[in-house]
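Below is one structure; the comments refer to it alone.
The values are calculated or read from the model by the stated rules, or taken from the named source; none is laboratory data. Note that the coordinates shown come from a computational prediction; the quantities given were computed from them, not determined experimentally. A quick note on method: Cβ atoms are made from the backbone with ideal geometry, for glycine too, and the neighbour counts reach across all protein chains shown. Just so you know, the surface numbers come from the protein's heavy atoms only, side chains and all, with ligands and any DNA or RNA stripped out. Shrake-Rupley method; radii C 1.70, N 1.55, O 1.52, S 1.80 Å.
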Amino acid sequence: MVGLSIGEKYFIQGGIAQDLRTDGRKRLSPRPIFVETGNISQSNGSARVRIGATEVIASVKAELGRPSALHPDKGKVSINVDCSPTAAPMFEGRGGEELSSELSVALQRCLLGGKSGSGAGIDLSSLAIVEGKICWDLYIEGLVVSSDGNLLDALGAAIKAALSNTGIPRVNVAAGASGDEQPEVDISDEEFLQFDTSKVPVIVTLTKVGRHYIVDATSEEESQMSLAVSISVNRQGNICGLTKRGGAGLDPSVILDMISVALSVSERLINTLDSQRAAAEAGKDEL
């Protein structure tokens, strides 16, 4: 936890009440975001995202697997987050393990929808190769390198950027397999299909401090929160998931207002991610 004096707490809360935060931002103004892609050569796709002093890395690894019996026409995606003990003192020991688990579950809910797959921001059907027999399994790993608040949004942005950087090898399936026989496949080393991220959402977290809520909270601001609502929104303006932290209740009208803010902030965030990713990849092409 962030250790603050009583005076510092009043200063943070008073600034938010007057719409002037300690770093000069307004309540609904995010910090600048910086994106790099293709950092990890051993993965199918990767990205590094920095928001203020918060820095995270996401990587995507694709492996052939077998679809589940419940969803034979879909591939599978798993998301796991690791909080580096060097990122913050609170990440040492069980504190880091608990936060890693909490972030992993929240990302699953925001990006993959319910257990049925409804509302999923990642199109699992696009990962199927042979129904009931072969599919792609995507293993998404997130690493928190340094932390100054808003980890969930930073990880969501990094995962979207990493998926945009992901190339899935083309698979040719041999004809002739019948019944329960597993078909033979040939995985190309040269042809790759770009992963479609048009419906992959970003996450916008609104943190309530006092009577007001803010976007992109720092760790000091998060230490004063009563609750936080994280809303995942894609380019089409569809709500893909929603999670809440904190025990305080919310009036339905406030939730609707939060969703309206999240829609506006997410549009700007998606445009920023797209432009930064394009600029990063253009810079690599020039090298």
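Grab the other residues whose beta carbon is less than 14 angstrom from that of residue 250, score K and R as +1, D and E as -1, and report the net. Charge balance in the 14 Å sphere: +2. Build a GNM of the chain with springs between Cα atoms under 10 Å apart, and of 172, 150, 80 the one that fluctuates most is 172. Measuring between alpha carbons in the structure, the pairs from 74/160; 74/244; 76/208; 76/133 lying more than 23 angstrom apart are 74/244; 76/208. Between the amide H of residue 192 and those of 170, distances stay under 5 Å, these residues lying 5 or more places away or on another chain, with hydrogens modeled in the peptide plane.
Taking every protein chain into account, the 1.4 Å probe leaves residue 86 with about 120 Å² of accessible area, to the nearest ten. Given springs between every Cα pair under 10 Å in a Gaussian network model of the chain, which of 161, 106, 47 has the largest fluctuation? It is 106. Kindly write out, for segment 65-78 in residue order, the coupling ³J(HN,Hα) from the Karplus curve 6.51 cos²θ - 1.76 cosθ + 1.60 (θ = phi - 60°), rounded to whole Hz, with x marking Gly and Pro. These are the phi-based 3J(HN,Hα) values: x, 10, x, 6, 5, 6, 9, x, 9, 9, x, 10, 9, 10 Hz.
For segment 155-167, putting each phi into the Karplus relation 6.51 cos²θ - 1.76 cosθ + 1.60 with θ = phi - 60° gives couplings of 5, x, 5, 5, 5, 4, 5, 5, 5, 5, 8, 7, x Hz, in residue order, rounded to whole numbers and with x for Gly and Pro. Its Cα gyration tensor gives the chain an equivalent ellipsoid; the semi-axes, largest first and in whole Å, are 37, 20, 17. I'd like the carbon and sulfur percentage of the solvent accessible area for the chain, probe radius 1.4 Å, heavy atoms only, ligands and nucleic acids excluded. Carbon-and-sulfur percentage of accessible area, whole number: 51. A simple count of charges around residue 143, restricted to other residues whose Cβ falls under 15 Å of its Cβ and scoring Lys, Arg +1 and Asp, Glu -1, yields -2. Of the residues 31, 211, 170, 277, ranked by 1.4 Å probe accessible area with the largest first, the sequence reads 211, 170, 277, 31. Taking amide hydrogens as placed 1.01 Å from N in the peptide plane, the amide H of residue 241 sits under 5 Å from those of 232, each at least 5 positions away in sequence or on another chain. Across all C-alpha atoms in segment 176-287, the radius of gyration and Dmax reach 20.9, 66 Å.
For the chain, the longest principal axis of the Cα atoms and the long axis of helix 94-112 meet at an angle of about 60 degrees.
Stretching residue 261 away from residue 175 to a fully extended chain increases their span by 25.8 nm, per 0.36 nm per residue minus the current alpha-carbon distance. Using the Cα centre as the reference, give the magnitude of the dipole from point charges on the C-beta atoms of segment 168-287 (Lys, Arg: +1; Asp, Glu: -1; all else neutral), rounded to the nearest 20 debye. Dipole of segment 168-287, to the nearest 20 debye: 900 debye. Rank 271, 234, 44 by mean-square fluctuation in a GNM of the chain with C-alpha springs under 10 angstrom and give only the top-ranked residue. Maximum among the listed residues: 271. 3J(HN,Hα) along segment 45-53, derived from phi through the Karplus expression 6.51 cos²θ - 1.76 cosθ + 1.60 where θ = phi - 60°, amounts to x, 7, 7, 10, 10, 10, 10, x, 8 Hz, with x in place of Gly and Pro.
When the helices of the chain are scored as -39500 (n - 2.57) per DSSP H run of n ≥ 4 and the total is divided over every residue, the value at 222 nm lands at -10000 deg cm²/dmol.
Taking every DSSP beta bridge that has both ends in the chain, the antiparallel portion is near 85%.
Take residue 197: with every protein chain present and a 1.4 Å probe, its accessible area is about 20 Å². Near residue 166, the amide H atoms lying under 5 Å from its own belong to 195; only residues 5 or more places off or on other chains count, and H is placed 1.01 Å from N. Applying 0.36 nm per residue to the separation of residue 191 and residue 102 and subtracting their alpha-carbon distance, the gain on full extension is 28.3 nm. Solvent-accessible area per residue in segment 130-238 equals 41 Å², computed with a 1.4 angstrom probe and all protein chains kept.
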